Amino acid sequence: MMSRRWHLAAFLAALLAGLAGLNLLASAWLSDVRLDITEGGLYRLSEGSRSVIRDIEEPVRWTFYYSRRTAADYPAVRAYGSRVRGLLRAYAAEANGRILLTEIDPEAFSAEEDAALAAGLTPAPAGEGERIFFGLVAENAVDDRQVLAYFSPEREALLEYDLTRSLAELSRQESGQLGVLTSLPIRPGEIGARPSHIIDEISAAYELSWLNSGFRELPAVDALLIVHPPRLTEDQLYLLDQYVLAGGRLILALDPLALAAFRPGPDGLPPPGARRSSTMPDLLSAWGVEIPAGQIAMDRNLGLPVQISEGGRNQVRNYPLWFSAGPRQLSATDLATADLQRGINFGSAGLIRLSPVDGLGVRILAQTSDDGAITDTETASGNPSPAALLSDYMPAPSPPVLAVRLSGLFPTAFPDGPPSSSGPDTHLAASQRSGDVVIFADVDWLDDPYFLREDAAFGLSIVSDNPALLLNLVDLALGDPALLELRSLPSSARPMTRVDALRAAAEAEYAEEQAALETRTQDIQAQLDALMSGRPPVAGIEASTSLEGRIGALRAEMTTARARLRAIERDFREDIDALEASLRFWTMWMPPILILIAGFAIGIWRRRSTLS
C-alpha cells in the first residue's frame, strides 16, 4: 500500500515538473504563435491592419499604460484590459520587431504616472482617490506622437481601427482635406452647436474645411461632404456641378423630412431657421436621381423598438418609420458597405428614384427589405403611432432605395453655361474625368441618437454601423482604403439573441389582438364619457334604469377588455421568464451536472475494471 502511495506521489510530482517545463519551452519558443478561436476572431488582425503594418518603414514605439493592479477590482475594466492587451500583442507579433510594445503599470506619484499625464492620457477615477490609466502612446523615429487617451469600452467595435489609424497617421505624410457644408448646428465652436460624434471622428482623422451658407467659391479640398444644406442659389449649385464634372468626389445626405434639423439644442429649443426638407432637384435631375419631397420610406420588418404610451401603459413597439437596414439591405460589393454587420439605422428616410443616364454607373448602397413601404411626408411628420402606420400598410412594388453611388462621366445640370456673369470663366459641359457621388435620402442616420445608446451600467456605446459607414465613405473619397474593413469588427459582448427573437415573435402574435382591444377600450371610454356627460338629472324611472343598464354593461365590457389586455402582457412576460430560466439552466447548471455524471461514470467504470 505504501509503495503504491509513493508511486502516486512520484507520478504527480513528475507530471507537475513536466507541465512546468512544457510551459517554459512554450514561453521561449512559441511566444509569437497565436491561435484565435473566438467567435468573430477578436484577436485576429484584418488584412487592412496587416497592410498598414507592412508599410511601416521605421520602428514604432507603443507604450501601453495600464493600471493593472487597480483595475483588478473592476471586472469590466479588467476584462476589457485583457482584450486590449491581447490585441496589442497580436500587432507586435505581426510587425516582427517594427512595433516595440512596452506595458507600464504606473504607480501613484511615480515618474511613470507623470509621463502618462504629460503624454496626454486621461485616467479614470477609482475608489479612495486612485486612478486607472488605460491608454496608449505611439511614437515613431522622429518623435511624432499619436495618443489614445483612454480605451473606452464603448469603442470596442472600433478598437482595431483606432490602433491601425494611429500607425497609419505616423506613416502618413499629410492628411486629406474634406470640405463640409451643412445647415445643422454641428460645426464645432459655432453658437448653439451641439455635439456630433461623427464630426468628432472625421475631424480626428482628416482636416475639415467648413463652408459658410453664402459661399461664392469652393475651397481646394479633396472631397465634399454636404449634409442637409441650406437653401442654395443657382450660382452655388453651379459651383457644385462644375466641381463634380472636374472629377471631384461628393457625399450628399439630403432628406424630405429631416428630424435632426429640429432636435433641440443646448437651450432646449430647435435651431432658428431650421429647414424641414432638402432634396436639390435642380442638380440631381441631371444625374437621373429624384428624391420625392412628399414620400417617406418605412419598413415594418426592420423597425427599431421604441417605447410608447398606450392606454396609460408604457409599451415597446417596432416603429416602421425608424428602421435598421442590415447586411441584406446593404451592398455586398461596395467597399463602404461590404463589411458592415450591425446595420444602418435610418429615421423617417426619404427614397430615391433612378433614371438611366448615359455614361453614369449606379450602385444601390442601401434599401429597405422586400416588405418596405411608402407613406406621405405629412403623415410621417405627424408622429403617427405604430398601429396607425400599420393599419393601411402596403408593401411597395420594389424595395425603396435609400442610398446610391453614382460613378462615371456626369452631364452638366447647366448646359447653357453659368447662370450669372459671376461664374468661372471656364465652363465644363461634361466630365473631364470620372467622378464619384454618393447620395443618401436621409440625414437622421448621421444624428447621434440613431446610433448612440446610453446605458446606466456601461455608459455610452455605438449600437450600429452609422459612423463606420460615413468614415468608410470619407476614406474612399480621400483615398485611404486600408482602414475600411476595420470599423465594423464584432464586439466581445454576447447579446441574448434568443430572448430578443422570442420578444419579437410574442409581440407579433399578440400585437393584432392587443391593438383591437385597445381600440375597443377607447371606444367604450368615449361612449361612457358621452353617457355620463349627457345624463339628465331627472329623466324618469325607465329612462334612468335603461341608462344605468347601458353604463353598467359598458363598464363590464371595459373590465373584460382590460383583463384580457393584462392577460396578454402576463403571457408575454411568462414566455420571456420561461426562456430566461431555461437558458440559465442549460448554461449555468447543465455543464457542471454533466461533468459530475461523467466523473461518477468514470469512477464506477474504473472500480469495476479494478475488481475484475
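The values are calculated or read from the model by the stated rules, or taken from the named source; none is laboratory data. Predicted model, so just to flag it, every value in this text is computed and none were measured. A quick note on method: Cβ atoms are made from the backbone with ideal geometry, for glycine too, and the neighbour counts reach across all protein chains shown. Please note that ligands, DNA and RNA were not included when accessible areas were found on the heavy atoms of the full protein model with its side chains. Shrake-Rupley method; radii C 1.70, N 1.55, O 1.52, S 1.80 Å.
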Calculate how many DSSP beta bridges within segment 63-152 are antiparallel, expressed in % of all such bridges and rounded to the nearest 5. 75 percent
For L304, the residues 5 or more places away or on another chain with a placed amide H closer than 5 Å to its own amide H are Y319, W322, F323, S324
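I'd like the carbon and sulfur percentage of the solvent accessible area for segment 272-362, probe radius 1.4 Å, heavy atoms only, ligands and nucleic acids excluded.
Numbers: 1990 of 4110 Å².
Answer for segment 272-362: carbon and sulfur cover 49 percent of the accessible area.
Keeping the other protein chains in place, figure out the carbon and sulfur percent of the accessible area of segment 63-166, with a 1.4 Å probe. Intermediate values should be presented prior to the final figure.
Details: 2300 of 4770 Å².
Of all accessible area on segment 63-166, carbon and sulfur atoms account for 48 percent.
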Between A246 and A93, what is the label-point separation in nm under the 7 Å Cα-to-beta-carbon projection? 5.0 nm
So how long is each side of segment 193-323 along the principal axes, counting just the alpha-carbon atoms, biggest first, in Å? 57, 34, 29
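Mind checking the per residue accessible area of segment 113-192 for me, 1.4 Å probe, whole number of Å²? Before the final figure, lay out the partial values.
Numbers: 3540 Å² over 80 residues.
Here the per-residue accessible area is 44 Å².
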Please list, in order along segment 77-85, the HN-Hα scalar couplings obtained from phi with the Karplus expression 6.51 cos²θ - 1.76 cosθ + 1.60 (θ = phi - 60°), rounded to whole Hz, x for Gly and Pro. 5, 4, 5, 6, x, 5, 5, 5, 4
D376 to E154: extension gain in nm, 0.36 nm per residue of separation minus the Cα-Cα distance? 76.2 nm
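Excluding ligands, DNA and RNA, what is the solvent-accessible area per residue of segment 297-378 at a probe of 1.4 Å, expressed in Å²?
Numbers: 3730 Å² over 82 residues.
Here the per-residue accessible area is 46 Å².
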The alpha-carbon center of segment 384-402 and that of segment 323-382 are separated, in whole Å, by 15 Å
Starting from the amide H of Q295, placed 1.01 Å from N in the peptide plane, find each other amide H under 5 Å away whose residue is 5 or more places distant or on another chain. T377
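Considering only DSSP states other than H, G, I, E and B, which GluC sites (Glu not before Pro) in segment 206-266 qualify as loop sites with at most 14 other Cβ atoms within 10 Å?
On the way: sites: E207, E217, E234; in loops: E217.
Passing sites in segment 206-266 are E217.
Hey, got a sec? Which chymotrypsin sites (Phe, Trp or Tyr not before Pro) in segment 61-137 land in a DSSP loop and have at most 16 other Cβ atoms within 10 Å? Before the final figure, lay out the partial values.
On the way: sites: W62, F64, Y65, Y66, Y80, Y91, F109, F133, F134; in loops: F109, F133.
Of the chymotrypsin sites (Phe, Trp or Tyr not before Pro), the ones in loops of segment 61-137 whose Cβ has at most 16 other Cβ atoms within 10 Å are F109.
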Taking the alpha-carbon centre of each part, the distance from segment 244-266 to segment 186-217 in Å is 12 Å
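Go ahead and run the numbers for FRET between R44 and A526, Cβ-Cβ distance against an R0 of 56 Å, rounding to 0.05. If you can, show how the numbers build up before the last one.
Numbers: r = 62 Å, r/R0 = 1.10.
After rounding, the FRET efficiency stands at 0.35.
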V362 accessible area, nearest 10 Å², 1.4 Å probe? 80 Å²
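Enumerate by residue number the GluC sites (Glu not before Pro) in segment 41-106 meeting two conditions: DSSP loop (anything except H, G, I, E, B), and at most 13 other Cβ atoms within 10 Å of the site's Cβ. Numbers along the way, then the final one.
Numbers: sites: E47, E57, E94, E103; in loops: E57.
Filter output for segment 41-106: E57.
Using the Cα gyration tensor of segment 311-366, with a ≥ b ≥ c the square roots of its eigenvalues, what is the shape: rounded (a/c below 1.5), prolate (a/b larger than b/c) or oblate (neither)?
Numbers: a/c = 5.39, a/b = 1.94, b/c = 2.78.
Verdict is oblate for segment 311-366.
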Quick note, segment 323-415: a/c under 1.5 would make it rounded; otherwise a/b > b/c is prolate and the rest oblate (a ≥ b ≥ c, C-alpha gyration tensor); here it is oblate
